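Report on the following structure.
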Amino acid sequence: ELEPHIARIYPALVIKDTYMEQMFKSGMYMPLELDEAVNICKKMLIHLEGNGIKVIRIGLQPTDEMQFGKNIIAGPYHPAFRQLVESEIYKDMIEYLLDSIKTKNKRNITISFNSKDYSNVIGQKKSNIKYFRNKYLDVEIILNINNSLEPCCISLSIGEIELILSKKDYYRNTIV
């Protein structure tokens, strides 16, 4: 209803010398685990960007003062939190395309993407690649940088079948 133009998403962190720290230490507050926060923030990002609201920050900006174990006592802190969220979206987009292809012959899968999306497609520490290689053990997964694809688009090819999906179209097709 407010029709904002921009938004920021900050999962709650327990900061030293705050009331929230007292709540945490007394057991009155339990912060989200990192994977829970990533999943919630993923849904928020899809909802906001899907409605034309630009998200300019996800997660706390890492600084010398704000370090886990120093000023951050607990909570879903990660210095590359946005990338964790974006990587999950790309993983879901690839799953969406794989589920859309109704062939059983999924022996060779080529995932093409713009070089600007490389880190998000492969995931933090190659988490997305590991996920798909573990899920599809008998499948060769080929990563292909294709800068003729627009940023924020992926293409998935299996044999003669090729599907292209943009984040924008994925957001439209996703119910959060």
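The values are calculated or read from the model by the stated rules, or taken from the named source; none is laboratory data. For clarity, every value in this text was computed on a predicted model and none was experimentally measured. Every residue, glycine among them, receives a Cβ derived from its backbone with ideal geometry; neighbour counts consider all protein chains shown. In case anyone asks, the SASA skips ligands and DNA or RNA and just uses the protein heavy atoms, side chains included. Shrake-Rupley method; radii C 1.70, N 1.55, O 1.52, S 1.80 Å.
Just a few scattered comments:
- A search for C-beta distances below 8 Å between a residue of the stretch 30-53 that is closer than 18 Å to Lys168 by Cα and open to solvent by less than 20 Å² (accessible area, probe 1.4 Å) and any residue that is at pLDDT below 95 and not in a helix (DSSP H, G or I), counting only pairs 6+ apart in sequence or on different chains, returns Cys41/Gly59; Ile46/Thr174; Ile46/Val176.
- Glu21 meets the conditions (1) part of a loop (DSSP other than H, G, I, E, B); (2) at pLDDT 95 or above; (3) surrounded by fewer than 18 Cβ atoms within 10 Å (Cβ to Cβ) in every case but one. The failed one is (1).
- Qualifying position, being surrounded by fewer than 13 Cβ atoms within 10 Å (Cβ to Cβ) and closer than 22 Å to His47 by Cβ, among Asp138, Asp92, Asp117, Asp99: Asp99
- Qualifying positions in the stretch 54-68 - open to solvent by less than 70 Å² (accessible area, probe 1.4 Å), modelled with pLDDT under 80 and of a type outside the set (S, T, N, Q): Pro62, Met66
- Single unsatisfied condition, Ile46 versus (1) among the β-branched types (Val, Ile, Thr); (2) under 18 Å from Pro79 (Cβ atoms); (3) assigned to a helix (DSSP H, G or I): (2)
- Subset of the stretch 141-174 (residues that are open to solvent by 60 Å² or more (accessible area, probe 1.4 Å) and of a type in the set (Lys, Arg)): Lys168, Arg172
- Ile129 of a type outside the set (S, T, N, Q) and touching a residue at least 24 places away in the same chain (Cβ under 8 Å): no
- Neighbours by Cβ (under 6 Å, 6+ apart or cross-chain): first from the stretch 90-109, of a type in the set (A, V, I, L, M, F, W, C); second assigned to a helix (DSSP H, G or I) and modelled with pLDDT of 90 or more: Met93/Tyr170
- Answer residue from the stretch 69-89, given it is among the aliphatic types (A, V, I, L, M) and more than 30 Å from Ser157 (Cβ to Cβ) and is most open to solvent (accessible area, probe 1.4 Å) among those: Ile73
- Residues that are part of a loop (DSSP other than H, G, I, E, B) and either in contact (Cβ under 8 Å) with a residue 24 or more places away in the chain or among the aliphatic types (A, V, I, L, M) (or both) within the stretch 1-18 comprise Leu2, Pro4, His5, Tyr10, Pro11, Ala12, Leu13, Lys16, listed in sequence order.
- Flag for Glu36 being within 14 Å of Val85 (Cβ to Cβ) and out of contact with any helix residue (DSSP H, G or I) (no Cβ under 6 Å at 6 or more places or on another chain): yes
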